[in-house]
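The structure follows.
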Amino acid sequence: MWGRRRRGPAIQIKTAEQIELMRAAGLLVGRTLQVLREAVKPGITTADLDAIAEDHIRSNGGVPSFKGYHGFPATICTSVNEEIVHGIPSPRKVLREGDVISIDCGAIVAGWHGDSAITVPVGEITAEQRRLLEVTETALWHGLAAGVAGARLTDMSHAIESYIRSQGPYGIVEGYGGHGIGTQMHMDPLIPNHGRPGHGPVLEPGMCFAVEPMVNLGTKATRELEDGWTVVTVDGRHSAHFEHTFAVTEDGPRVLTALDEGREWFARLGPSR
(Lines give C-alpha, C1' and ligand atoms only; values in the text may rest on other atoms or scores of the structure.)
Protein backbone atom coordinates (compact mmCIF):
# COMPACT_ATOMS: atom_id res chain seq x y z
CA MET A 1 0.00 0.00 0.00
CA TRP A 2 1.41 3.37 -1.04
CA GLY A 3 2.14 6.51 0.92
CA ARG A 4 1.71 10.16 -0.02
CA ARG A 5 4.47 12.75 0.10
CA ARG A 6 4.57 14.62 3.42
CA ARG A 7 6.95 16.23 5.88
CA GLY A 8 8.17 14.05 8.71
CA PRO A 9 11.05 12.82 10.84
CA ALA A 10 14.33 11.42 9.57
CA ILE A 11 14.36 7.90 8.14
CA GLN A 12 14.03 5.32 10.89
CA ILE A 13 17.14 3.15 11.41
CA LYS A 14 16.47 -0.38 12.68
CA THR A 15 18.77 -2.56 14.75
CA ALA A 16 19.57 -6.11 13.65
CA GLU A 17 17.06 -7.40 16.20
CA GLN A 18 14.35 -5.08 14.91
CA ILE A 19 14.98 -6.17 11.34
CA GLU A 20 14.45 -9.78 12.47
CA LEU A 21 11.04 -8.73 13.81
CA MET A 22 10.30 -7.09 10.46
CA ARG A 23 11.38 -10.32 8.78
CA ALA A 24 8.76 -12.19 10.83
CA ALA A 25 6.10 -9.75 9.64
CA GLY A 26 7.44 -9.95 6.09
CA LEU A 27 7.36 -13.74 6.07
CA LEU A 28 3.77 -13.71 7.25
CA VAL A 29 2.83 -11.34 4.44
CA GLY A 30 4.76 -13.39 1.88
CA ARG A 31 3.13 -16.63 2.97
CA THR A 32 -0.32 -15.02 3.00
CA LEU A 33 0.19 -13.87 -0.59
CA GLN A 34 1.31 -17.38 -1.51
CA VAL A 35 -1.96 -18.76 -0.09
CA LEU A 36 -3.95 -16.10 -1.96
CA ARG A 37 -2.13 -16.76 -5.25
CA GLU A 38 -3.19 -20.39 -5.03
CA ALA A 39 -6.77 -19.38 -4.20
CA VAL A 40 -7.23 -17.12 -7.23
CA LYS A 41 -9.46 -18.80 -9.80
CA PRO A 42 -12.52 -17.97 -11.89
CA GLY A 43 -15.64 -17.73 -9.72
CA ILE A 44 -14.03 -16.65 -6.47
CA THR A 45 -14.95 -13.21 -5.14
CA THR A 46 -12.53 -10.61 -3.85
CA ALA A 47 -14.39 -10.78 -0.51
CA ASP A 48 -13.56 -14.51 -0.39
CA LEU A 49 -9.89 -13.66 -0.85
CA ASP A 50 -10.09 -11.04 1.87
CA ALA A 51 -11.55 -13.56 4.33
CA ILE A 52 -8.77 -16.04 3.51
CA ALA A 53 -6.14 -13.35 4.09
CA GLU A 54 -7.52 -12.20 7.42
CA ASP A 55 -7.84 -15.74 8.73
CA HIS A 56 -4.29 -16.62 7.67
CA ILE A 57 -2.75 -13.49 9.20
CA ARG A 58 -4.60 -13.75 12.52
CA SER A 59 -4.13 -17.53 12.78
CA ASN A 60 -0.38 -17.04 12.49
CA GLY A 61 -0.01 -14.40 15.18
CA GLY A 62 -0.29 -11.23 13.10
CA VAL A 63 -2.66 -8.31 12.77
CA PRO A 64 -3.86 -7.04 9.36
CA SER A 65 -2.31 -3.60 8.97
CA PHE A 66 -4.67 -2.34 6.26
CA LYS A 67 -7.94 -3.03 8.08
CA GLY A 68 -9.16 0.23 9.59
CA TYR A 69 -6.18 2.19 8.23
CA HIS A 70 -7.65 5.65 7.57
CA GLY A 71 -10.98 3.84 7.41
CA PHE A 72 -10.04 1.18 4.86
CA PRO A 73 -12.58 -1.62 5.43
CA ALA A 74 -10.62 -4.76 4.51
CA THR A 75 -7.49 -6.82 5.15
CA ILE A 76 -6.19 -6.66 1.57
CA CYS A 77 -6.53 -4.41 -1.45
CA THR A 78 -7.88 -6.26 -4.49
CA SER A 79 -7.50 -4.29 -7.73
CA VAL A 80 -8.86 -5.99 -10.84
CA ASN A 81 -7.94 -5.20 -14.46
CA GLU A 82 -8.06 -1.40 -14.91
CA GLU A 83 -7.95 -0.89 -11.12
CA ILE A 84 -4.40 0.09 -10.20
CA VAL A 85 -4.38 0.14 -6.40
CA HIS A 86 -6.65 0.24 -3.34
CA GLY A 87 -9.52 -1.81 -4.74
CA ILE A 88 -11.93 -2.72 -1.94
CA PRO A 89 -12.86 -6.42 -1.66
CA SER A 90 -16.53 -7.11 -2.33
CA PRO A 91 -18.82 -10.15 -2.46
CA ARG A 92 -20.13 -8.69 -5.74
CA LYS A 93 -16.70 -8.68 -7.40
CA VAL A 94 -16.42 -12.12 -9.02
CA LEU A 95 -13.15 -12.98 -10.78
CA ARG A 96 -13.47 -14.20 -14.36
CA GLU A 97 -11.21 -16.03 -16.77
CA GLY A 98 -8.81 -13.55 -18.35
CA ASP A 99 -8.81 -11.06 -15.47
CA VAL A 100 -5.67 -9.91 -13.67
CA ILE A 101 -5.85 -9.04 -9.98
CA SER A 102 -3.39 -7.09 -7.87
CA ILE A 103 -3.41 -8.22 -4.23
CA ASP A 104 -1.74 -5.87 -1.75
CA CYS A 105 -1.26 -7.21 1.77
CA GLY A 106 0.17 -5.88 5.04
CA ALA A 107 0.62 -7.41 8.48
CA ILE A 108 1.95 -6.38 11.87
CA VAL A 109 3.97 -8.73 14.09
CA ALA A 110 5.21 -7.51 17.47
CA GLY A 111 4.62 -3.91 16.41
CA TRP A 112 6.57 -4.14 13.12
CA HIS A 113 5.15 -4.00 9.62
CA GLY A 114 5.51 -5.95 6.39
CA ASP A 115 3.94 -4.84 3.09
CA SER A 116 3.91 -6.61 -0.27
CA ALA A 117 1.84 -6.95 -3.43
CA ILE A 118 1.54 -9.32 -6.38
CA THR A 119 -0.49 -9.30 -9.57
CA VAL A 120 -1.97 -12.67 -10.47
CA PRO A 121 -3.60 -13.98 -13.66
CA VAL A 122 -7.07 -15.47 -13.38
CA GLY A 123 -6.94 -18.55 -15.58
CA GLU A 124 -5.56 -17.94 -19.05
CA ILE A 125 -4.61 -14.37 -19.95
CA THR A 126 -3.31 -12.78 -23.13
CA ALA A 127 0.34 -12.49 -24.11
CA GLU A 128 0.06 -8.72 -23.68
CA GLN A 129 -1.21 -9.13 -20.11
CA ARG A 130 1.50 -11.67 -19.29
CA ARG A 131 4.16 -9.31 -20.58
CA LEU A 132 2.75 -6.47 -18.47
CA LEU A 133 3.05 -8.62 -15.34
CA GLU A 134 6.59 -9.71 -16.27
CA VAL A 135 7.77 -6.16 -16.93
CA THR A 136 6.28 -4.80 -13.70
CA GLU A 137 7.69 -7.56 -11.50
CA THR A 138 11.14 -7.35 -13.09
CA ALA A 139 11.10 -3.55 -12.67
CA LEU A 140 10.45 -4.08 -8.97
CA TRP A 141 13.54 -6.25 -8.68
CA HIS A 142 15.69 -3.75 -10.54
CA GLY A 143 14.56 -1.15 -8.01
CA LEU A 144 15.30 -3.45 -5.09
CA ALA A 145 18.73 -4.29 -6.49
CA ALA A 146 19.58 -0.58 -6.50
CA GLY A 147 18.81 -0.34 -2.78
CA VAL A 148 22.39 -0.74 -1.60
CA ALA A 149 24.20 1.10 1.17
CA GLY A 150 25.78 4.28 -0.18
CA ALA A 151 23.29 4.69 -3.02
CA ARG A 152 20.82 7.56 -3.18
CA LEU A 153 17.09 7.12 -2.77
CA THR A 154 16.25 8.03 -6.36
CA ASP A 155 18.70 5.45 -7.69
CA MET A 156 15.89 2.97 -6.99
CA SER A 157 13.36 5.18 -8.78
CA HIS A 158 15.66 5.54 -11.79
CA ALA A 159 16.33 1.80 -11.96
CA ILE A 160 12.60 1.08 -12.05
CA GLU A 161 11.86 3.68 -14.70
CA SER A 162 14.84 2.79 -16.89
CA TYR A 163 13.89 -0.85 -17.06
CA ILE A 164 10.23 -0.14 -17.86
CA ARG A 165 11.16 2.39 -20.56
CA SER A 166 13.46 -0.19 -22.15
CA GLN A 167 10.58 -2.65 -22.50
CA GLY A 168 8.00 -0.61 -24.38
CA PRO A 169 5.54 2.28 -24.23
CA TYR A 170 4.05 1.49 -20.83
CA GLY A 171 2.41 4.05 -18.57
CA ILE A 172 4.36 4.49 -15.32
CA VAL A 173 1.89 5.61 -12.65
CA GLU A 174 2.80 8.90 -10.94
CA GLY A 175 1.60 10.27 -7.62
CA TYR A 176 1.76 6.84 -5.97
CA GLY A 177 4.90 4.99 -4.96
CA GLY A 178 6.93 3.21 -2.34
CA HIS A 179 7.66 4.41 1.18
CA GLY A 180 9.60 3.95 4.35
CA ILE A 181 8.28 1.27 6.69
CA GLY A 182 8.92 -0.03 10.20
CA THR A 183 6.91 0.76 13.32
CA GLN A 184 4.37 2.31 10.96
CA MET A 185 3.22 1.08 7.57
CA HIS A 186 3.84 4.42 5.87
CA MET A 187 6.90 6.38 6.88
CA ASP A 188 9.16 8.87 5.16
CA PRO A 189 10.36 9.01 2.48
CA LEU A 190 8.10 8.56 -0.55
CA ILE A 191 9.84 6.57 -3.31
CA PRO A 192 8.62 7.52 -6.80
CA ASN A 193 8.77 4.96 -9.60
CA HIS A 194 10.46 7.43 -11.93
CA GLY A 195 13.12 10.10 -11.75
CA ARG A 196 16.77 11.00 -12.11
CA PRO A 197 19.39 9.08 -10.13
CA GLY A 198 21.63 10.57 -7.48
CA HIS A 199 19.05 12.49 -5.45
CA GLY A 200 17.55 12.12 -2.00
CA PRO A 201 18.99 10.64 1.19
CA VAL A 202 21.98 8.30 1.15
CA LEU A 203 20.89 4.75 1.95
CA GLU A 204 22.31 3.35 5.18
CA PRO A 205 22.23 -0.11 6.76
CA GLY A 206 19.14 -0.42 8.95
CA MET A 207 16.86 1.59 6.68
CA CYS A 208 13.77 -0.29 5.47
CA PHE A 209 11.58 0.57 2.50
CA ALA A 210 8.64 -0.78 0.52
CA VAL A 211 9.22 -0.47 -3.23
CA GLU A 212 6.19 -0.83 -5.52
CA PRO A 213 6.03 -0.06 -9.24
CA MET A 214 2.59 0.32 -10.83
CA VAL A 215 2.55 0.01 -14.61
CA ASN A 216 -0.28 0.48 -17.13
CA LEU A 217 -0.74 -0.96 -20.60
CA GLY A 218 -1.95 2.45 -21.74
CA THR A 219 -1.21 5.93 -20.47
CA LYS A 220 -0.08 6.91 -16.98
CA ALA A 221 -3.30 8.88 -16.37
CA THR A 222 -5.31 7.84 -13.30
CA ARG A 223 -8.44 8.80 -11.42
CA GLU A 224 -9.91 7.89 -8.05
CA LEU A 225 -13.39 6.39 -7.84
CA GLU A 226 -16.17 7.76 -5.67
CA ASP A 227 -15.44 5.18 -2.96
CA GLY A 228 -12.47 7.37 -2.05
CA TRP A 229 -9.99 4.52 -2.41
CA THR A 230 -9.91 2.70 -5.74
CA VAL A 231 -7.52 4.20 -8.30
CA VAL A 232 -8.14 3.24 -11.94
CA THR A 233 -6.64 3.94 -15.35
CA VAL A 234 -8.39 6.74 -17.20
CA ASP A 235 -8.29 4.86 -20.51
CA GLY A 236 -9.66 1.61 -19.03
CA ARG A 237 -6.60 -0.45 -19.94
CA HIS A 238 -5.17 -2.96 -17.51
CA SER A 239 -2.55 -2.27 -14.83
CA ALA A 240 -0.12 -4.32 -12.75
CA HIS A 241 1.41 -3.73 -9.31
CA PHE A 242 4.18 -5.57 -7.46
CA GLU A 243 5.73 -4.67 -4.10
CA HIS A 244 8.27 -5.91 -1.57
CA THR A 245 9.58 -4.65 1.77
CA PHE A 246 13.36 -4.73 2.10
CA ALA A 247 16.15 -3.75 4.49
CA VAL A 248 19.36 -2.04 3.49
CA THR A 249 22.28 -4.09 4.87
CA GLU A 250 26.04 -4.01 4.54
CA ASP A 251 25.75 -7.13 2.36
CA GLY A 252 23.12 -5.71 0.01
CA PRO A 253 19.33 -5.52 0.02
CA ARG A 254 17.54 -8.13 2.15
CA VAL A 255 13.99 -8.60 0.88
CA LEU A 256 11.95 -9.21 4.00
CA THR A 257 8.67 -10.17 2.29
CA ALA A 258 10.27 -12.62 -0.18
CA LEU A 259 10.34 -16.18 1.11
CA ASP A 260 13.97 -16.60 -0.03
CA GLU A 261 14.91 -12.97 0.78
CA GLY A 262 15.36 -12.29 -2.92
CA ARG A 263 18.21 -14.69 -3.66
CA GLU A 264 16.64 -16.24 -6.76
CA TRP A 265 15.75 -12.92 -8.38
CA PHE A 266 19.09 -11.26 -7.60
CA ALA A 267 20.89 -14.27 -9.10
CA ARG A 268 18.70 -13.96 -12.19
CA LEU A 269 19.55 -10.28 -12.60
CA GLY A 270 23.26 -11.04 -12.24
CA PRO A 271 26.21 -9.04 -10.94
CA SER A 272 25.61 -6.14 -13.34
CA ARG A 273 22.13 -5.52 -11.97
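The values are calculated or read from the model by the stated rules, or taken from the named source; none is laboratory data. Keep in mind that this is a model prediction, so the values were computed, not measured. Here the Cβ positions follow ideal geometry from the backbone for every residue, glycine too, while neighbour counts run over all protein chains shown. What goes into the accessible areas is simple: the full protein's heavy atoms, side chains included, and nothing from ligands, DNA or RNA. Shrake-Rupley method; radii C 1.70, N 1.55, O 1.52, S 1.80 Å.
Using the Karplus curve 6.51 cos²θ - 1.76 cosθ + 1.60 with θ = phi - 60°, what ³J(HN,Hα) values do you get for each residue of segment 135-149, in whole Hz, with x for Gly and Pro?
5, 5, 5, 5, 4, 3, 6, 5, x, 4, 5, 7, x, 9, 4
Among Y163, L36, I88, which residue has its Cα positioned farthest towards the positive end of the charge dipole of segment 20-178, with +1 placed on the Cβ of Lys and Arg, -1 on the Cβ of Asp and Glu, and the dipole taken about the Cα centre?
The residue sitting most towards the positive pole is L36.
What does the charge count near I88 come to, summing +1 for each Lys or Arg and -1 for each Asp or Glu among other residues with Cβ under 13 Å from its Cβ?
On the way: positive: K67, R92, K93; negative: D50, E83, D104, E224, E226, D227.
Net charge in that neighbourhood comes out at -3.
Just to be sure I understand the model, the point goes 7 Å from the Cα along the line to the Cβ. What's the resulting E134 to T219 distance in nm?
2.8 nm
Roll a 1.4 Å probe over the protein chains and send me the accessible area per residue for segment 1-100 in Å². Could the numbers behind the result be given before it?
Details: 4870 Å² over 100 residues.
Per residue, segment 1-100 has 49 Å² of solvent-accessible surface.
K93's amide H: which non-local residues (gap 5+, or another chain) put their own amide H closer than 5 Å, with H modeled 1.01 Å from N in plane and none for Pro or chain starts?
Placed amide hydrogens put T46, A47 under 5 Å from K93.
Simple spin-label model, 7 Å along Cα-to-Cβ: E124 to D55 in nm?
It is 3.1 nm.
Could I ask something else about it? Enumerate the calculated ³J(HN,Hα) couplings along segment 62-68 in order (Karplus 6.51 cos²θ - 1.76 cosθ + 1.60, θ = phi - 60°), each rounded to whole Hz, writing x wherever the residue is Gly or Pro.
Whole-Hz 3J(HN,Hα) from phi for segment 62-68: x, 10, x, 7, 7, 5, x.
Now for a separate question. Output wanted: per-residue J couplings in Hz (rounded whole) for segment 119-124, from phi through Karplus 6.51 cos²θ - 1.76 cosθ + 1.60, θ = phi - 60°, x for Gly and Pro.
Calculated HN-Hα couplings, in order: 10, 10, x, 9, x, 7 Hz.
Per 0.36 nm of contour for each residue apart, how much would the distance between A16 and T45 grow if the chain were fully extended, relative to their Cα-Cα spacing? Mind showing how you got there, number by number?
Numbers: separation 29, 0.36 × 29 = 10.44 nm, distance 3.99 nm.
Taking 0.36 nm per residue and subtracting the Cα distance, the gain is 6.4 nm.
Looking at segment 116-214, which GluC sites (Glu not before Pro) are DSSP coil and have at most 10 other C-beta atoms within 10 Å of their C-beta? Could you put the intermediate results ahead of the total?
Values: sites: E124, E128, E134, E137, E161, E174; in loops: E124, E174.
Loop-located and lightly packed - E124.
Treating only the Cβ atoms of Lys and Arg (+1) and Asp and Glu (-1) as charged, compute the dipole magnitude of segment 194-273 about its Cα centre; round to the nearest 20 debye.
380 debye
For segment 147-216, what's the relative contact order in percent, using C-alpha pairs closer than 8 Å and at least 6 residues apart? Walk me through the numbers before you get to the answer.
Working: 132 pairs, mean separation 32.7, N = 70.
Relative contact order of segment 147-216: 47 percent.
If you put +1 on each Lys and Arg Cβ and -1 on each Asp and Glu Cβ, how big is the dipole of segment 42-181 around its Cα centre, in Debye rounded to 20? Each step should come with its number before you reach the end.
Working: 9 positive and 17 negative charges, 42 e Å.
That gives a dipole near 200 debye.
Just to be sure I follow: if Rg is taken over the C-alpha atoms of segment 1-94 and Rh is the Kirkwood radius over the same atoms, what is Rg/Rh? Mind dumping the intermediate values first?
Working: Rg = 15.2 Å, Rh = 15.0 Å.
Using only Cα positions, Rg/Rh for segment 1-94 is 1.02.
Nothing charged except the Cβ atoms of Lys and Arg (+1) and of Asp and Glu (-1): what's the magnitude of the dipole of the chain about its Cα centre? Round to the nearest 20 debye.
Numbers: 26 positive and 33 negative charges, 83 e Å.
Charge dipole of the chain: 400 debye, to the nearest 20.
Quick one: check the C-alpha center-to-center distance for segment 190-207 versus segment 47-119, whole angstrom.
After rounding, the separation between the Cα centres reads 27 Å.
Oh, and also: On full extension of the chain, what length is gained from E250 through Q167, given 0.36 nm per residue of separation minus the C-alpha to C-alpha distance? List each step's numbers first, then the result.
Working: separation 83, 0.36 × 83 = 29.88 nm, distance 3.12 nm.
Stretched fully, the E250-Q167 segment lengthens by 26.8 nm.
How high is the relative contact order of the chain, in percent, counting Cα pairs under 8 Å that sit 6 or more residues apart?
Values: 704 pairs, mean separation 64.6, N = 273.
Relative CO of the chain lands at 24 percent.
Suppose R0 equals 35 Å. What FRET efficiency, 1/(1 + (r/R0)^6) with r the Cβ-Cβ distance, do V202 and K67 give to the nearest 0.05? Let's see the in-between values first.
Values: r = 35 Å, r/R0 = 1.00.
Efficiency computed from Cβ-Cβ geometry: 0.50.
By the scheme Lys and Arg +1, Asp and Glu -1, what is the net charge of all other residues having a beta-carbon under 11 Å from that of V202? If you can, show how the numbers build up before the last one.
Details: positive: R152; negative: D155, E204.
Net of charged neighbours comes to -1.
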